[in-house]
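Below is one structure, written out as structure tokens; the observations come after it.
Any read-out appearing in this document is the output of simple, stated calculations on the displayed coordinates, not a laboratory observation. Since the model is a prediction, treat every value here as computed from it, not as a measurement. Reconstructed Cβ throughout: ideal geometry from the backbone, glycine too, with neighbour counts over all protein chains shown.
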Amino acid sequence: MSHVADEVPLTLDGQPPKTLGVLDQGALWANLGVSLLGFSGALLLLNPTGDAPLSLAAALVATVVGSLIGTAMVGLSAIPGTRTGQPAMVLLRGLFGARISYAPTVLNIVQMLGWGAFELWVIAKAATAIFDGVAYPVWVVLAGVLTTALTIWPLGAIRLLRRYVTVGVIVSMIWFTWYFLSEAPAPAGGSWTGFAPAVDYVIALSVSWVPLAADFARHSRSGRAAFTGIVGGYTVAQVACLGLGVYAVAIAGAAAVNADNTAVFDPFVAAPLGAVFFGILVLRETDQSFANV
């Protein structure tokens with residue numbers, strides 16, 4: 001009975017359990033901050049305007065500044081969920097009224113369906129890069145089954161992320177960072193001319209999660225725990241993801257990644273023990289599809 005009481009009730013009539021602490025929120029948002037195709041996002045980060053490449057220092061500073069601004073916006077949008085216990089789309093009723101709030105709710109559903117389907121595609125493509133002998137549709141189905149399982153027990157899934165998955169992701173990111181730093185030279189040249197557009201790009205990556213923030217924050221023990229977990233977890237993870245992407249793109253070749261975003265997977269799989277550690281990142285990607293569902 002306690003396990004049932006610690007899970008999300010099936011309707012909004014039930015009182016949402018307040019079981020997520022700052023570490024739970026931090027683990028969830030840190031995992032959401034690492035995206036498989038986020039690695040290829042280094043292309044736009046390094047040259048957001050298309051004609052004024054950034055220096056490595058400018059790109060990294062833009063990543064930190066943009067992440068802090070964007071995640072602060074996500075964190076602030078999460079606090080009303082903690083205080084009221086209501087998800088984001090219900091909170092919109094107070095702004096627009098019940099009838100008009102249906103419009104953003106429908107748009108949110110469409111957005112989540114689109115992103116959820118996109119994530120299944122990403123997971124399947126990444127898994128195919130590791131196990132090219134297994135058909136792509138098989139990975140789509142397996143990813144869908146795992147996503148569904150996580151969705152049935154959402155709070156349990158978040159606790160699972162904190163206890164086990166996050167550790168594997170940290171180890172994998174450290175391993176790939178060590179390997180890429182030894183294999184690819186740091187990008188040379190560039191300037192600070194495109195700094196502002198780069199910051200704007202990173203902010204956009206973060207604030208895309210605003211429509212979901214309250215959905216998870218309503219189960220936080222406090223608004224401070226939700227805000228700190230979001231800003232801390234997502235910022236650190238996104239900075240690490242884009243920073244690692246800079247070197248992955250350098251190894252794969254900017255032209256190849258620009259032609260096919262999934263080409264950024266190749267350096268990961270080719271690294272020593274790459275299939276193992278990249279497999280952890282692929283498995284972790286299901287938290288993205290889970291969050292959307």
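Full extension of the chain segment joining LEU23 with VAL293 gains 95.0 nm, where the gain is 0.36 nm per residue of separation less the Cα-Cα distance.
Please work out the FRET efficiency for the pair ARG224 and LEU56, using the Cβ-Cβ distance as r and a Förster radius of 51 Å; give the result to the nearest 0.05. Plugging the Cβ-Cβ distance into 1/(1 + (r/R0)^6) gives 0.90. Residues TYR201, TYR234, arranged from fewest to most other Cβ atoms within 10 angstrom of their Cβ, appear as TYR201, TYR234. For the stretch 146-163, 3J(HN,Hα) computed residue by residue from phi via the Karplus equation (6.51, -1.76, 1.60; θ = phi - 60°) reads 5, 4, 5, 4, 5, 6, 5, 10, x, 5, x, 5, 5, 5, 5, 4, 5, 7 Hz, glycine and proline entered as x.
Among GLY189, ALA98, VAL257, pick out the residue whose Cα is farthest towards the positive end of the charge dipole of the chain, where Lys and Arg carry +1 and Asp and Glu carry -1 on C-beta, about the Cα centre. Toward the positive end, the furthest listed residue is ALA98.
Note on LEU12/ALA270: beta-carbon distance plugged into 1/(1 + (r/R0)^6) with R0 of 35 Å gives a FRET efficiency of 0.15.
Ordering 245-252, 126-133 by mean Cβ neighbour count within 10 Å, with the highest value first, yields 245-252, 126-133. Of GLN15, GLN238, GLN25, which has the largest mean-square fluctuation in a 10 Å C-alpha GNM of the chain? Among GLN15, GLN238, GLN25, the largest GNM mean-square fluctuation belongs to GLN15.
Judged by the mean number of other Cβ atoms found within 10 Å, the most tightly packed of the peptides 98-104, 38-44 leads the ranking 38-44, 98-104.
Starting from the Cα-Cα distance between PHE131 and ILE152, subtract it from 0.36 nm times their residue separation and give me the gain in nm to one decimal. Length gained, PHE131 through ILE152: 4.8 nm. Within the stretch 175-194, name every residue whose backbone N is under 15 Å away from a label modeled 7 Å from Cα of ILE69 along the Cβ vector. Backbone N within reach: 193-194. Going 7 Å from the Cα of ALA256 along its beta-carbon direction, which residues of the stretch 159-194 have the amide nitrogen within less than 15 Å of the resulting point? Only 180, 183-185 fall inside the zone, counting backbone N under 15 Å. Rounded to the nearest 20 debye, the dipole size of the chain about its Cα centre is 880 debye, using +1 on the Cβ of Lys and Arg and -1 on the Cβ of Asp and Glu. Applying the Karplus relation 6.51 cos²θ - 1.76 cosθ + 1.60 with θ = phi - 60° to the stretch 7-18 yields 3J(HN,Hα) values of 9, 5, x, 6, 10, 7, 6, x, 6, x, x, 9 Hz, where x marks Gly and Pro.
Take 69-82, 267-280 and order them by the average number of nearby Cβ atoms within 10 Å per residue, most first; the result is 69-82, 267-280. Between the helical axis of 102-130 and the longest alpha-carbon principal axis of the chain there is an angle of about 40 degrees.
Residue by residue, the stretch 91-96 carries 3J(HN,Hα) couplings of 4, 5, 4, x, 8, 10 Hz when phi is fed to the Karplus relation 6.51 cos²θ - 1.76 cosθ + 1.60 (θ = phi - 60°); x denotes Gly or Pro. About the centre of its Cα atoms, the stretch 1-154 shows a dipole size close to 360 debye [charges on the beta carbon of Lys, Arg (+1) and Asp, Glu (-1) only; nearest 20 debye].
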